[in-house]
Structure formats: C-alpha cells, structure tokens
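Here's the structure, in structure tokens; my notes come after.
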Amino acid sequence: MTDAKKTNSVYFRTIITLTICTIFVFSVLCIVYYQRMSTSIISEESALLYERTKNAAIGFEAIREKNKEGSAESASLEETYLKATAISNNCYVWIVEEDFTISYYSGIPNEAIAQLGRTEDIYSMTSTHLNGLANILEGGVIKGTQNGLFYDPQNTWITAAFPISTDGQYLVTHEAIDVQKQALEVLSNTLAVPVIISFAIALFLFTMMTRSLIRPIRLLSAAAAKVTQGDLTARIHIPEFERESPVQFGITDELSEMVVTVNHMIERLEAQENERRVFVSSIAHDLRTPLTSIKGFISAMLDGTIAPDRFEYYLQIVKTEVDRIQTLSSSMTEVSSVGQKDNLKMAAFDINAMINSTLSNLEKQLSDKKLGVQLETYSDEDHALMAFGDDQEITRVVYNLLNNAIKFTPSGGDIAITADYNPKNNLVIVTVEDTGPGIPKEKRKRIFESFYKLDDSRNNPGSGLGLFICKEILQAHGQMISVDTSPTLGGARFKFTLQGADKMADATV
C-alpha cells in the first residue's frame, strides 16, 4: 500500500481525527481548569492578604497603645514595624488617613503613581480607590483594577485594608500576583503527568476501538472487491465474531449484522452463479440431444440414407423432438413470470373439479404405464371443495405434481390423490403420492430449486423446473409445499396447502 493510500485510509484518518479531538478535549479541560485555578489563586491570595493586613493592623495598634507618648522613639518603632510587615509579607504597606492622604508608605508601585493625587511630597487616594475598603467597618479586600488604582497587564493587584484607629486611619496593603505563572506552575506540577498518562490511555483505547470498528469495514471492502472481480468464494471472517473476545464490545450490532448480511448475499450470488452454470449446462444438454437427432434424421433423408417410404416415420420422431424443445422453452418462459403476486387473479374455485379435469388430461400417460389412481376428496353438500386462489396457477401446480408422479412411478404402480379440508385453520390440503422410488432425505431440501434433478446422469429428460414452479406459485399465494415419504404407497408424497374459500370470501366482503 502506498503512502498516499495509507493517508487516505479510513483507519488512518479516523486515528488522526480522534487524536485531534482528544487533544482538543484535553486542551479545553486544561483551559477550564486554568481559569478555575486562576480564580482560586486570586481568592486564596485575597483572603490571605486580608488576614495579614488585619493582623498587621492589630499589631500596629497595639504598639501605638503601648507607646502613647508619641516620642520620636515610638514613631521609629512604628515605622520599623510597618517596614518589617511589608518585607515579611512581600507587599506594600500604607497608612491612609481619614482625608485619604497617605501618611506612610513603604513604597509606591509605578503602576499606581499615575492614579494617585499628589501635593508636593504627599500622595493621596480617592474615595473611589477606597470603595469597598474604608467604607466598611471591618475593612475589606479588592482587586486594584476594580477601583482604578492599578493598571498592570501582566500582574493582578490585590488591595486589602483594615482600620487601625477610631480616627479613620486604615492600614492598606497591596500585593502583585502573577496569576498566570502560578497557575501554570500548578498545572505543570500537578496535572502534567496525569494529563499525559490520560491522553496516552485515551489514544490507545481510541486506537483499539477504531481498529475493531474499521477492520470489519476493511474486510467488507476487500470481499466486495473480490466479488466484483468474480471471486464468489470470498467470505468475511472476523475471529472476534467466531469466539469470545475482549474487543467484541467495540464491534457494534450493526457491523456484525452487516457482515452476516454480506456473507449471505455472497452465498446467494454464488448459489445463483452455480444455478446459472447448471442452467446453461442443462439447457445445452437438453437442446443438444433433440437437435442432434433432428439434424441426423434430416441429413439422412436428404442424402438418401433413409428411403422416402420411411420419411413419415422419421418425421414423426423429428416432431416429437421439436415438441420436447417447445416444452423446454415454455418451462423457461414460465420461470421468468411465475410467482408474481401482483399477477394473480384470486377467486374461489372447486379444487375437486380441477383435480378431476387434470386427471382427464393425463389419462393417456396413465393408460400407457397402466397406473392405478386412488382419488379421495372432501366434499360439501354440493360435492365441491372450494379453495381461494388463482385457479390457472394452481392447475399448473396440480399438473406438475401429477406429471412427476406418473414419470417416476414404474409401470403397473399406483398414484394417490387426496384433497382434504381443515376447518380450524381454513386450509385445503392436497396430497399427491406414488409407488415410485421416492426422494432421499439428503436431497429433499434441494428438490424445489430451479434446474435441480435427482438423476445426475441426465438420463431424466425433464428440465428440473417443475417443482421450482410449484414452489414459486404457492409462495405467491402465501402457502407452502413439502415432500416426504408416503406411509401407504412407499414412494414420494408431496403436500401443499391453499386457503379455504368460505372464510376468505367473508374477509373480502
């Protein structure tokens, strides 16, 4: 297989598609997790900064209470405490007065300088900057960008405030957080290995499942290609179907049904091809024999081998052979049109009268072989047994069965015909039996196939279509035909059913 074919194969393209989908899904999950992690980091850092600011404010106020004299030493101690708080917490510490001026700051970030008011060396905040901080009894915490204090595209600033006196002073702290860096560190440290392992497992499972799904399709395609090339021995064999397999769950019922259906289709095509070959061979044989005889007799008459006074005798033989060809041609024509339900002319008819009429038509054949006929029919008060169907088609069934019985019954034998009625099922049952050799059990399943003959040596002059025509006609009527051994005569027994006319007539009113 070339590289181009590999890249265009369903399996390859499916794997690539599933891989892309898997990467996309994991990427979406990582993005969602990253966003949730970023929010969580900001929330945790905000709560932590607020607690630190609160503790620092309480400590600062305690120092101030201890050193109420307001000496230079006390001021230095307070400043040292605030610097230590800023360094230990890695934040900026401000003391904001009631008038929003900043009386102390450990530093002012460049991101906030432009937003602060300034009078000489004194910086001041606005009420907007302190919204959510100084206007709440216990202080609060906000992101600096919420109140317009910080503008930093790289970091997220958090501002916390807590009151330190009743004079309106607040201890305010600011901390810059690189949320992206922290979130990526968390993702890389906690999720990298699980994500890679999960991705590998998902890709492996997708590959195995895809293989189990694509493999039947590949085999279907290969089998179809072989059938197209004329190889009707091709079959689809999937070991997972034929034995217990852990990947059976990956093969859908639709695929398994498709495989079974295609195998059955190929088997039918093979059977039809075999029937076609048998048909061609049978027709060739059945035509060759009479044509050879006709040609031989005519040639003999033309070249004088046969004397003129014998012409009538041999012309009669030629006529007989022509009749055989005509009969074969008629049978073939019947096969092409028989069994078409739409063409049936359904009506009530007397099956007893039909049987008697058919026997009369076959009287010469019966007389020539000196065959006895046993007739037993079910009759109503009008001496009739009414059936429902196409009487012309059913006549062909009765004629073919009786003709076969005559053909295979030895001279001096017997034929039995029974027509009975089952009121429970509203069925007419017709049985034809004979004292012939019967039909072997192993051949009974094929006896109704087209062009099938019991005599493989071809000594039988029949076309092998009579029973096939019977089956097709009865199937078009929704009925059945079967064959077994006659318990009384010992030969073959054919039995077929028809709908009774009475209830059918009631149903059609």
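A few comments on the model shown:
- Residue that is modelled with the lowest pLDDT [pool: residues in segment 319-353 that are more than 22 Å from VAL280 (Cα to Cα) and more than 51 Å from the chain's Cα centre (by Cα)]: THR320
- Screening ALA134 on (1) assigned to a loop (DSSP other than H, G, I, E, B); (2) surrounded by fewer than 19 Cβ atoms within 10 Å (Cβ to Cβ) shows it passes everything except condition (2).
- THR190, sole failed condition from (1) farther than 30 Å from ASP99 by Cα; (2) more than 32 Å from the chain's Cα centre (by Cα); (3) touching a residue at least 12 places away in the same chain (Cβ under 8 Å): (3)
- Test: residue in segment 309-317 that is at pLDDT below 85, aliphatic (A, V, I, L, M) and more than 51 Å from the chain's Cα centre (by Cα): yes
- Residue match in segment 27-50 (condition: of a type in the set (D, E, K, R) and more than 60 Å from the chain's Cα centre (by Cα)): no
- Some residue of segment 69-84 being over 60 Å from the mean Cα position of the chain (by Cα), within 16 Å of GLY139 (Cβ to Cβ) and surrounded by fewer than 12 Cβ atoms within 10 Å (Cβ to Cβ): no
- Single residue of PHE408, PHE388 found to be buried (at least 19 other Cβ atoms within 10 Å of the Cβ), more than 14 Å from ARG493 (Cα to Cα), in the same structural domain as PRO487 (by TED's automatic domain parsing) and not polar (S, T, N, Q): PHE388
For every residue, the table says whether it meets (1) among the aliphatic types (A, V, I, L, M); (2) at pLDDT 80 or above; (3) loosely packed, with under 13 Cβ neighbours inside 10 Å.
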| residue | (1), (2), (3) |
| --- | --- |
| ALA161 | yes, yes, no |
| GLN169 | no, yes, no |
| PHE204 | no, no, yes |
| LEU220 | yes, no, no |
| ALA225 | yes, yes, yes |
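- Qualifying residue in segment 143-154 (condition: out of contact with any Lys or Arg (no Cβ under 7 Å at 6 or more places or on another chain) and touching a residue at least 60 places away in the same chain (Cβ under 8 Å)): yes
- Complete set of residues in segment 171-199 that are outside any strand (DSSP E or B) and closer than 23 Å to THR145 by Cβ: ASP178, VAL179, GLN180, LYS181, GLN182, ALA183, LEU184, GLU185, VAL186
- Residue within segment 37-45 that is touching a Lys or Arg at 6+ places or on another chain (Cβ under 8 Å), in contact (Cβ under 8 Å) with a residue 24 or more places away in the chain and not hydroxyl-bearing (Ser, Thr, Tyr) present: yes
- Here LEU49 clears all of (1) modelled with pLDDT of 90 or more; (2) surrounded by fewer than 18 Cβ atoms within 10 Å (Cβ to Cβ); (3) within 16 Å of ALA176 (Cβ to Cβ) except the condition numbered (2).
- Within segment 432-466, considering residues that are crowded, with 22+ Cβ neighbours inside 10 Å and at pLDDT 85 or above, the one farthest from the chain's Cα centre (by Cα): THR435
- Any pair with Cβ under 7 angstrom, 6 or more apart, that starts in segment 14-25 at a residue that is surrounded by 12 or more Cβ atoms within 10 Å (Cβ to Cβ) and ends at one that is polar (S, T, N, Q): THR14/THR210; ILE15/THR207; ILE15/THR210; LEU18/THR210
The values are calculated or read from the model by the stated rules, or taken from the named source; none is laboratory data. These figures come from a predicted structure and were not determined experimentally. Note: ideal-geometry Cβ built from the backbone for every residue, glycine included; neighbour counts use all protein chains shown.
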